[in-house]
Amino acid sequence: MEIPIKTICCIGAGYVGGPTMTMMASKCPDLNFNVVDINEERIESWNNKNLSKLPIYEPGLKELIAKTRNKNLFFSTNIKEAIESADIIFISVNTPTKTKGLGAGKSSDLKWVESSAREVAKYSKGYTIVVEKSTLPVRTAEVIENILNSAETNSSRDEISFSVLSNPEFLAEGTAINDLNNPDRVLIGGKNKQAMTALSNIYKAWVPEEKILFTNIWSSELAKLTSNAFLAQRISSINSISAICEVTGADVKEVSRAIGKDSRIGSKFLDSGPGFGGSCFKKDILNLVYLAEYFDLYEVANFWEGVVKINNWHQKRITEIVIKKLFGTISGKKIIILGFAFKANTNDTRESAAIKICKDLIDEGANLVIHDPKVNYKQIEKDLKIKQTSKENDSIETSIKGQIGQWRFSKNLDIFDNAHAILILTEWEEYKYIEWQNVVKKMVKPSWVFDSRSIVNKKEVEKAGLRLWRLGDGSQEKEVSSF
Ligand code: UDX
Ligand code: UDX
């Protein structure tokens, strides 16, 4: 018998919950979607009439919101009502790495998942399918099931029942709308075939059936962790090779191109950069490490922990190169930071390489001017845990002069006066079009460009008279010592 589905609830209106429900609402106009969140400010932003004020920046999102919002997609803080009326509830709350207690530094903090499950147990009515959307350690669905079946409820126990499914989301930020529209696969893990079919019917509105995979619940949970671990591993691998390129005279871009042509390796995710960031990679690998250690699989744990360790080392390596090239000291020197988001086309800074690199540069006494087209300065203040030196309208020069180890934000790119160096950390499109001929005239000589994303045109930068360091480009080393 088919389970009738009319109303969907999603707890958590973040980078995953928001775009995912928006896509579903646009593809399924006959279903109603209630997206709820405990954060009132966030919900207000989702409801803002001005679509450029949505809480997350994601290309293509505002157009979809315009089509669906207040038609069959509703954002609110009314969690109770949304749960009561739902046939399917997605749990899409955040699951940060634990900072205290058992598993601190590695395992995920499930307190928000637990409190969401308790709310579901309390307010739901009749039969409800509960879908785990957050990325979680393996066997969390079991925990959710236990909570649902034992927590306090407002209805009598014979009136309510649940099926728990795992349906991890594989979207990447910056390309979320396209990823949701054309997913490589939709993974549904569970025990109850009818519930799995009911969920798959939503996706079938736009996803070809052969892309919808049914697995057991733990395979689904582990597949998500493994996917992220494999992707992150590729980046640590290529970043480790970039260091070898720099000392041997090879160029990592050429190495990437060459190995990517091997169809067994494939060409994606081979761009060497300042180290992976984002809310998932580090957290999910550390979950895997925790899981392996828990089961006494220490070799497995060490293997995956190495991916995170290389990433940390690589970020430090970039700071050290900047210092070395600027004659061993950056104290009091003005350095321009281009890009703070963890990748282009998002305003998200979670785990961005820019955080560690900027902090280290400031610790060394550099005066940074940070530019990012989508991140706002308040977020940077939170990330660096240091306030910017002066109000946004003040001249950068007066705020920086005479002091060391500070930073300022700038919304525009008129910031190169008296700078010693420019460090590109995010691959925003607009950085490709900087007029280096003009920039060089404003900077202190020798003027450096450090390109950790390999996006600038090498010939143009060098023709303008700037010194260029590009990550993984050993061909620029004049003398490679014999080895
Ligand atoms: C997602 C996944 O859920 C997470 O597991 C994955 O690893 C990263 O991506 P994301 O959507 O990016 O998280 O997180 P975030 O943008 O922080 O959104 C989570 C939302 O849940 C926040 O808006 C928060 O206010 C909300 N929340 C949290 C609730 O509504 N209720 C809670 O009890 C806790
Ligand atoms: C990732 C996964 O791709 C996605 O499937 C999962 O659902 C969530 O985690 P996300 O973190 O949003 O998505 O972005 P992603 O494009 O994977 O980039 C992660 C980090 O790797 C970024 O800092 C990015 O700059 C870096 N990266 C990516 C590289 O340095 N080189 C590459 O070739 C690709």
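Provide Rg and Dmax in Å for the range 79-217, with only Cα atoms included in the calculation.
15.6, 45
Tell me, what is the per residue accessible area of the chain in Å², probe radius 1.4 Å?
So the chain comes to 47 Å² accessible per residue, rounded to a whole number.
Given the alpha-carbon gyration tensor of the range 244-393, what are the semi-axes of its equivalent ellipsoid in whole angstrom, ordered largest first, with each equal to the square root of 5 times an eigenvalue?
Whole-Å semi-axes of the equivalent ellipsoid: 30, 21, 17.
Which whole-number percent is the relative contact order of the chain (Cα, under 8 Å, 6+ apart)?
On the way: 935 pairs, mean separation 58.6, N = 483.
Across the chain, relative contact order equals 12 percent.
How much of the accessible area of the range 338-460, in percent, comes from carbon and sulfur atoms when a 1.4 Å probe is used?
The computed percentage sits at 46.
Can you spot the aspartates and glutamates whose alpha carbon is less than 12 Å from K463's alpha carbon? Ignore those fewer than 8 places along the same chain.
Result set, ordered by chain and number: E435.
Quick one: which residues, 5+ away or cross-chain, put their amide H under 5 Å from the amide H of R470? H built at 1.01 Å from N.
Distant-sequence amide H within range of R470: D451.
Excluding ligands and nucleic acids, what accessible area in Å² is computed for D184 using a 1.4 Å probe, to the nearest 10?
130
If the limit is 28 Å between Cα atoms, which of K71/K193; K100/K191; K283/K459; K268/K378; K282/K378 go over it? Intermediate results must be reported in sequence, preceding the final value.
On the way: K71/K193 31 Å; K100/K191 33 Å; K283/K459 39 Å; K268/K378 33 Å; K282/K378 24 Å.
Table pairs above 28 Å Cα-Cα are K71/K193; K100/K191; K283/K459; K268/K378.
With a bin width of 5 angstrom, please list the P(r) values of the range 103-184 as percents of all Cα-Cα pairs, from the 0 bin to the one holding the largest distance.
Using 5 Å bins, I get a P(r) of 3, 13, 22, 18, 14, 14, 10, 5, 1 for the range 103-184.
Setting aside same-chain residues fewer than 8 positions from K49, which aspartates and glutamates have a Cα under 15 Å from its Cα?
Straight-distance partners of K49: E41, E63.
Rounded to the nearest 20 Debye, what is the dipole magnitude of the range 309-448 about its Cα centre when Lys and Arg each give +1 and Asp and Glu each give -1 at the C-beta? It would help to have the intermediate numbers written out before the result.
Values: 24 positive and 18 negative charges, 72 e Å.
That gives the range 309-448 a dipole magnitude of about 340 debye.
With every protein chain kept in the model, how would you rank Y294, Y127 by accessible area, 1.4 Å probe, largest at the top?
Descending order: Y294, Y127.
Given 0.36 nm per residue, what is the gain on full extension from S155 to D417 after removing their alpha carbon distance, in nm?
Computed gain between S155 and D417 is 87.6 nm.
Which FRET efficiency value, to the nearest 0.05, do you get for S267 and N192 by plugging their Cβ-Cβ distance into 1/(1 + (r/R0)^6) with R0 = 45 Å? Could you put the intermediate results ahead of the total?
Numbers: r = 40 Å, r/R0 = 0.88.
With a Förster radius of 45 Å, E is 0.70.
Which whole-angstrom value gives the distance between the alpha carbon centres of the range 97-149 and the range 239-294?
Centre-to-centre distance over Cα atoms comes out at 31 Å.
If you build the convex hull over the alpha carbons only and average its shadow over all orientations, what do you get for the chain? Give it in nm² to one decimal.
25.1
Could you pull the accessible area for T99 with a 1.4 Å probe, rounded to 10 Å²?
Looks like 120 Å² after rounding.
Which cross-chain or sequence-distant (5 or more) residues have an amide H under 5 Å from the amide H of F90, H modelled 1.01 Å from N in plane?
Amide H neighbours of F90, under 5 Å, 5+ apart: C9, C10, I11, V131.
Could you give the length gained on full extension between W206 and E435, defined as 0.36 nm per residue of separation minus the Cα-Cα distance, in nm?
Residue separation times 0.36 nm, minus the Cα-Cα distance, leaves 78.1 nm.
Work through the residues other than G18 whose Cβ is under 13 Å from its Cβ and net out their charges, Lys, Arg +1 and Asp, Glu -1.
Summing Lys and Arg as +1 and Asp and Glu as -1 gives -1.
My understanding is that a pair violates if its Cα-Cα distance is over 31 Å; which of K98/K374; K27/K432; K261/K441 do that in this structure?
Going by Cα-Cα distance, K27/K432; K261/K441 fall outside the 31 Å limit.
Ignoring ligands, DNA and RNA, please state the percent of accessible area on the range 1-152 from carbon and sulfur, probe 1.4 Å.
C and S fraction of accessible area: 49 percent.
Can you send over the solvent-accessible area of R118, 1.4 Å probe, protein chains only, in Å² to the nearest 10?
Rounded to the nearest 10, the figure is 110 Å².
Give, in nm to one decimal, the length gained when the segment between K445 and I3 is fully stretched (0.36 nm per residue of separation minus the Cα-Cα distance).
Working: separation 442, 0.36 × 442 = 159.12 nm, distance 7.05 nm.
Extra length available between K445 and I3 comes to 152.1 nm.
The values are calculated or read from the model by the stated rules, or taken from the named source; none is laboratory data. Keep in mind that this is a model prediction, so the values were computed, not measured. For neighbour counting, all protein chains shown are included, and Cβ atoms are generated from backbone atoms with ideal geometry for every residue, glycine included. Only protein heavy atoms, including side chains, enter the accessible area calculation; ligands, DNA and RNA are left aside. Shrake-Rupley method; radii C 1.70, N 1.55, O 1.52, S 1.80 Å.
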